[in-house]
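The values are calculated or read from the model by the stated rules, or taken from the named source; none is laboratory data. In this text, all values refer to a predicted model and were calculated from it rather than measured experimentally. Cβ placement follows ideal geometry from the backbone for every residue including glycine, while neighbour counts extend to all protein chains displayed. Ligands, DNA and RNA are stripped out before the accessible areas are found, and what is left, the full protein with its side chains, is counted by its heavy atoms. Shrake-Rupley method; radii C 1.70, N 1.55, O 1.52, S 1.80 Å.
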Amino acid sequence: MAHTYSTDVLVVGAGPVGLTAAVELRRRGVSCRIVDRLPARLPFAKAVGIQPRTLELWDRTGLARAAMEAAVPMRGQLAYLNGAEQLRLDFRLPPEVPYGFAALPQYETERILDEFLARFGTAVERGTELVSFAQDADGVTGRLLTPSGAQEEVRARYLVGCDGAHSIVRKGLGLSYEGGAFPEEFMLADVEVDWDLPHDYAVRSMHRDAAGAVDDVLVCIPLPGRGRYRVSMLVPPELSTAQQADAVSDGVAHGLQTGRAPALPDIQTVLDRLSPQPATASNIRWASVFRISHRIVDRYADGRVFVAGDAAHIHPPTGAQGMNTGIQDAWNLAWKLALAVDGRAHPGLLASYDTERRPVGEEVVGRTVRHAEAGVQADPDDPETVMLREAQLLVAYRGSPIVDPPGEGPGPRPGDRAPDCGGLTGPIAAYPLRLYDLLRDRGHVLLVCEVTGPRAGDLARTARESSAGRMEACAILGPDAPAETTGLPEYRDTDGAFARLYAVDGPAAFVIRPDGHLAARLAPPDPRTLADHLATTFAQGPGR
């Protein structure tokens, strides 16, 4: 039966994850509709931490500047126990990491993504709810309830569920969502606090009882604005929503709860108990009770339907991992969907979404649960590794079917994040560039290193032909290499930073994916080997 497609991809849910999926699809020329059942963005500072890895991805798109101008830096954490300072932790990362930690209210993250999406002529269809869907071999038929109350049928090639912990897409697929809930309830609030503590540090203040158990906690994350914080604390009995949460229809007690919202006196009572110095809360913007669960689906995809973000995994907010993990879900999926829509994807490419991202989700859920129960200090790794992991710079896809075997040796291996470096110079610009400047607004990129003459041209031609023109190539040469010998855009590794960081000691080529992960490391580079690698990602022959 022939079908007429009204869109290539239907995205359900317009939080940061759904908006990321839509932005990355539209940026690649894929038609997309994005719907959300809410009539407007919520003015709540739920997810506020922006990890360095997310900023690196936004750099690839061109969004990093807008995010940094709206955010505040997170330089560390001050920890107090029973009123005494226990720890001043500075968030330090290696010098080649281009971005630090930041805090940005979720409504601002959504605004920035929403405005960027509008550049491609796409707007969120608000007040529009997916009520059911069915898929077949050729696509997905969804039924939408529109703001007028009318129902609309939409036909799409693929459906992406970014619709949160109570996802209709996940339920429609019949995916399991195993896990449990924490008994504690928390108050969240967006308020001003008038203490003298440095605003670019998070504050964590705990109380231990005589037996050594934590019985009270206050966590304050800085937000843009003078003295403004997103504060969280345990809920007093009179605000408990436990009975209501236990009665939710799908059994998933997670997120903001209905019922009486905390007021300034409730927040002030906790500050009076736990604040490291006398402080007054004022100018409350919003407050709510929050429940925490930890769950993950058994698979991230079924046929032509996918889930991402909270629809796939939920966990404690420890370390601000949730939204950032969801954004990376969406990014990983979007570039693969774009190739599939265009008929350029290897038949197994979309299956790699589950292969690559579900292990990441499992690790994040397990780690945040451990940290919520015992603290980050209970992590057995050294502090530098813990910091890199919290920054999400250690996410890797080694063993993925679309990534070459990692092999052994120094430098980043296939599957790893492709690190940034500085000191690259070109023949025209009078200033040095970073590697991420070369990757910005590009898809797959082949970096040809220490290869000159026709050999470089052969590699670039193989990359173009094996990717149906989807891969660009650049040459990175040593400071003393002869000029204009590759026929490619040439950049010189003036101070040797690239060679040191990537462990280049002779001719080599690197395949960097659209999501900034290294897919192949070819040393020495060979056109046939490169073509064989690209055949695991790109379909050979004519596209759509």
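Quick notes
- Subset of the range 229-242 [in a strand (DSSP E or B) and either touching a residue at least 40 places away in the same chain (Cβ under 8 Å) or farther than 18 Å from Asn283 by Cα (or both)]: Arg230, Val231, Ser232, Met233, Leu234
- For the range 100-115, taking the residues that are under 15 Å from Glu69 (Cα atoms) and out of contact with any strand residue (DSSP E or B) (no Cβ under 9 Å at 6 or more places or on another chain), the one that is surrounded by the fewest Cβ atoms within 10 Å (Cβ to Cβ) is identified as Glu115.
- Yes/no for Arg41 being over 25 Å from Leu439 (Cα atoms) and assigned to a loop (DSSP other than H, G, I, E, B): yes
- Given (1) open to solvent by less than 20 Å² (accessible area, probe 1.4 Å); (2) over 25 Å from Arg27 (Cβ atoms); (3) polar (S, T, N, Q), index of the condition Thr485 fails: (1)
- The residues of the range 184-205 that are of a type in the set (Phe, Trp, Tyr) and outside any strand (DSSP E or B) amount to a single one, Trp195.
- In the range 18-62, the residues that are touching a strand residue (DSSP E or B) at 6+ places or on another chain (Cβ under 7 Å) and of a type in the set (Gly, Ala, Ser): Gly18, Ala21, Ala22, Ser31, Ala40, Ala45, Gly49
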